[in-house]
Amino acid sequence: MSVERKAESDVLVEVESVTKTYRTGNGLRRGTPTVAVDGVSLRIAQGEWVGVVGESGSGKSTLAGIVCGVVRPDSGSVRVAGQEMYARRGMDRIIWKTVQMVFQDPYTSLNPAMTITEIVAEPLRLWHGVDRREADRQAMALLDQVGLSSAVAGRRPGGLSGGQRQRASIARALAVSPSLIVLDESVSALDVSVQAQILQLLLDLKRERDLAYLLISHDISVIRLVCDRILVMNKGEVVDEHSAASLTEETADHPYTRRLLSAVPRMTASG
Amino acid sequence: MASEPGQTVLTVDNVTVELDRPHESTPLVTDVSFAVRRGEMVGMVGESGSGKSLTASAVAGLLPRGVRLARGAVEIDGRAAGTDATARTRHDGVAMVFQNPMTSLNPSMRVGDQVAEAIRLRRPGTSRRDARREAVEVLERVEITRPAERARQYPFEFSGGMRQRVMIAISIAHRPSVLVADEPTTALDVTVQRGVMDLLDRLRADMGLAVLLVSHDLALVGERCDRLLVMYAGELVEQGETENVLRRPLHPYVRALQRCTPEHAIAAGGLYSLPGRVPQAGEVRTGCRFAARCELRTAECDETHPTLDAYAPGHLVRCVHVGRPEQDHHHERRAEGGV
């Protein structure tokens, strides 16, 4: 459990014992409440890469939603850059200038009616008030940074492959110049070769930009590769925390983490 | 099915699948041939667009509308099998399990009835009552606890892993010789995946079921399969025993795929990403289909389309460079890299 943390002053995101319960009901019956996130606290420092791993139903996506400002927790608090995220009744959209999200499914997360340039330029116009021409210019530069050629820029999402769409989603998130990007299973739906390309892009961004990332994945190897710190979630709680570089089946102390690691298929049949 | 252990139950012979258009031929799968023996699990791997799912559909007799079998044949239990989903009767020696168990189950029908329906379809004389009783036995065989009670529930009351077990129950209810499993665990967590894969392993031991496992996950097939078929752009590029294909891969594509995995990146201390993408149907050029992304590319690769040749008995590869110095040199480099 020896985890290095950056200095307290660098803390960007502070999540204090958040809890979120969903009620499944059909309007007539109240249904049983499901505790999705149960008293989770988490800190992300400036420029730090934190990964959350867990099985489906462990609450990791709900946690992502809470950090992004789209799922209001029942209790607890979320502070981003010193600002209380859920202080007001309504959704505080100002928070989206600091926190951006890249979703799992690149086929449904981009507006099919807009061109790739428009998709990336829109947040620049909305959040930074730059005019259309300047926004387009900056959008092209961002697309170039994520490895999309100008040939792709004029197309709509329908004309792009899954990997290209995910690059476009990342460019759109970067356009806002956020301090934190939340990636919810953003590489899970991709083929291994395309996944490697996107992971390479993330590693390049890690070097080039001083951004904090919260990466949610059920694939512990992906997290071990790109993150600094790993949180393991089970049944709504963070059960283990580990520095990513040193995590193996042997070094994991928590039985649940070991179980997750041992279930990952190995490349060769006989070890 | 009265087949001996080790006997070939599935033979795929030169299967070529094309877009079903009157005046042009756009091949999607080209000349795929392989055989699967009783009790064997054979993995079919490749990226999206490599033609692995179409090949699997042809084997299961479920080729979708819009594509046709241009050449070749599929034989199951020594009898010819249709490849087309529009055929009136399907070969009863084969069944298929799909990726998403929620969309392949009927949401408004009790689980037990869905299994019973599969039994009655294959054996029309069976009474409803017998079929229901047998359905509970089949659910028990796929390790669903309290099968009699669970049989009366609906799919939404099952978890993802349990739904996939129900799908497997439906497909094995009539005791086929061959099960085609198309990404059966891709939507599942690793721990649930392990349970479903253990079940498939047990079914092939108990029933002698032959499994064709289609997956993009090299690690998964490496752990579970006896033999591997690697597809690229609609054709087989390497095939052989799992151990040989993964430990001593011959085709540059297989090596590149292995190096792309995060596990390899962690071990090697750096990420390798294979540039480019799989050529789509109609983009296939003359010469080697992988040439554009290959690090061993030479002029020869652009001119001649390599054939699938035996490098060693049972280990086939489609590459002009196999056995050449560049390849051997490459092997040494890899060994030094601590792979």
message: Can you tell me how many residues within the stretch B:22-40 are buried (at least 24 other Cβ atoms within 10 Å of the Cβ) and either within 14 Å of another protein chain (Cβ to nearest Cβ) or farther than 23 Å from B:I76 by Cα (or both)?
response: 0
query: If you go through the stretch A:59-76 one residue at a time, do you hit one that is away from every other protein chain (no Cβ under 14 Å), outside any loop (DSSP other than H, G, I, E, B) and more than 27 Å from A:L260 (Cα to Cα)?
result: yes
statement: Apart from one, (1) under 23 Å from A:M233 (Cα atoms); (2) surrounded by fewer than 19 Cβ atoms within 10 Å (Cβ to Cβ) all hold for A:M85; the odd one out is (2)
- prompt: Residues in the stretch A:151-171: is at least one among the hydrophobic types (A, V, I, L, M, F, W, C), crowded, with 18+ Cβ neighbours inside 10 Å and touching a Cys at 6+ places or on another chain (Cβ under 6 Å)?
  reply: no
message: I'm trying to understand the selection: among the residues of the stretch A:188-200, which are hydrophobic (A, V, I, L, M, F, W, C), within 15 Å of A:D105 (Cα to Cα) and either facing chain B (nearest Cβ under 9 Å) or over 15 Å from the mean Cα position of the chain (by Cα) (or both)?
response: A:L190, A:V194, A:I198
- prompt: Any idea which of (1) surrounded by fewer than 15 Cβ atoms within 10 Å (Cβ to Cβ); (2) touching a residue at least 24 places away in the same chain (Cβ under 8 Å); (3) of a type in the set (A, V, I, L, M, F, W, C) is the one A:A141 doesn't satisfy?
  reply: (2)
message: Within the stretch B:197-221, take every residue that is within 11 Å of chain A (Cβ to nearest Cβ) and within 13 Å of the chain's Cα centre (by Cα) and give me the one that is surrounded by the fewest Cβ atoms within 10 Å (Cβ to Cβ).
response: B:D217
message: Pairs please, first residue from the stretch B:248-264 and more than 11 Å from chain A (Cβ to nearest Cβ), second anywhere and among the aromatic types (F, W, Y) and surrounded by fewer than 22 Cβ atoms within 10 Å (Cβ to Cβ), Cβ atoms under 8 Å, 6+ apart in sequence or on different chains.
response: B:L250/B:Y311
query: Only one of (1) crowded, with 21+ Cβ neighbours inside 10 Å; (2) out of contact with any Pro (no Cβ under 6 Å at 6 or more places or on another chain); (3) modelled with pLDDT of 90 or more fails for A:I66. Which number is that?
result: (2)
- prompt: How many residues are more than 14 Å from every other protein chain (Cβ to nearest Cβ) and under 17 Å from the mean Cα position of the chain (by Cα) when one looks only at the stretch A:205-224?
  reply: 6
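Limited to the stretch A:150-198, what total is found for residues that are of a type in the set (S, T, Y) and farther than 30 Å from A:R79 by Cβ?
So the count comes out to 3.
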- request: Starting from residues that are in contact (Cβ under 8 Å) with a residue 40 or more places away in the chain and basic (K, R), keep the ones in the stretch A:225-271 and report whichever is farthest from the other protein chains (Cβ to nearest Cβ).
  value: A:R229
message: I'd like the full set of residues that are farther than 23 Å from A:Q200 by Cα and within 12 Å of another protein chain (Cβ to nearest Cβ), limited to the stretch B:265-292.
response: B:Q280
- prompt: Among (1) farther than 20 Å from B:P184 by Cα; (2) loosely packed, with under 15 Cβ neighbours inside 10 Å; (3) without any contact (Cβ under 8 Å) to a residue 12 or more places away in the chain; (4) of a type outside the set (D, E, K, R), where does B:T103 come up short?
  reply: (1)
- request: Determine which member of the set A:D240, A:D228 is under 27 Å from A:P33 (Cα atoms) and of a type outside the set (S, T, Y).
  value: A:D240
query: Do we find that A:T117 is within 14 Å of chain B (Cβ to nearest Cβ) and either over 19 Å from the mean Cα position of the chain (by Cα) or surrounded by fewer than 18 Cβ atoms within 10 Å (Cβ to Cβ) (or both) in this structure?
result: no
Test result for B:R194, buried (at least 19 other Cβ atoms within 10 Å of the Cβ), more than 16 Å from the chain's Cα centre (by Cα) and away from chain A (no Cβ under 14 Å): no
- request: Please determine, by comparing only the residues of the stretch B:101-135 that are in a loop (DSSP other than H, G, I, E, B) and over 25 Å from B:G208 (Cα atoms), which one is farthest from the chain's Cα centre (by Cα).
  value: B:S127
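Matching residues to (1) more than 19 Å from A:D184 (Cα to Cα); (2) among the aromatic types (F, W, Y):
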position: A:G69; (1), (2): no, no
position: A:S75; (1), (2): yes, no
position: A:Q83; (1), (2): yes, no
position: A:Y86; (1), (2): yes, yes
position: A:K97; (1), (2): no, no
position: A:N111; (1), (2): no, no
position: A:E118; (1), (2): yes, no
position: A:E122; (1), (2): yes, no
message: closer than 24 Å to B:V254 by Cβ, crowded, with 21+ Cβ neighbours inside 10 Å, in contact with a helix residue (DSSP H, G or I) (Cβ under 8 Å, 6 or more places away or on another chain) and within 14 Å of another protein chain (Cβ to nearest Cβ): which single residue out of B:G51, B:G43 fits that description?
response: B:G43
statement: Counting only residues that are assigned to a loop (DSSP other than H, G, I, E, B) and surrounded by 21 or more Cβ atoms within 10 Å (Cβ to Cβ), the stretch A:172-192 contains a total of 5
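The values are calculated or read from the model by the stated rules, or taken from the named source; none is laboratory data. In this text the structure is predicted, and so the values were computed from the model without any measurement. All Cβ positions, glycine included, derive from the backbone under ideal geometry; neighbour counts span all protein chains shown.
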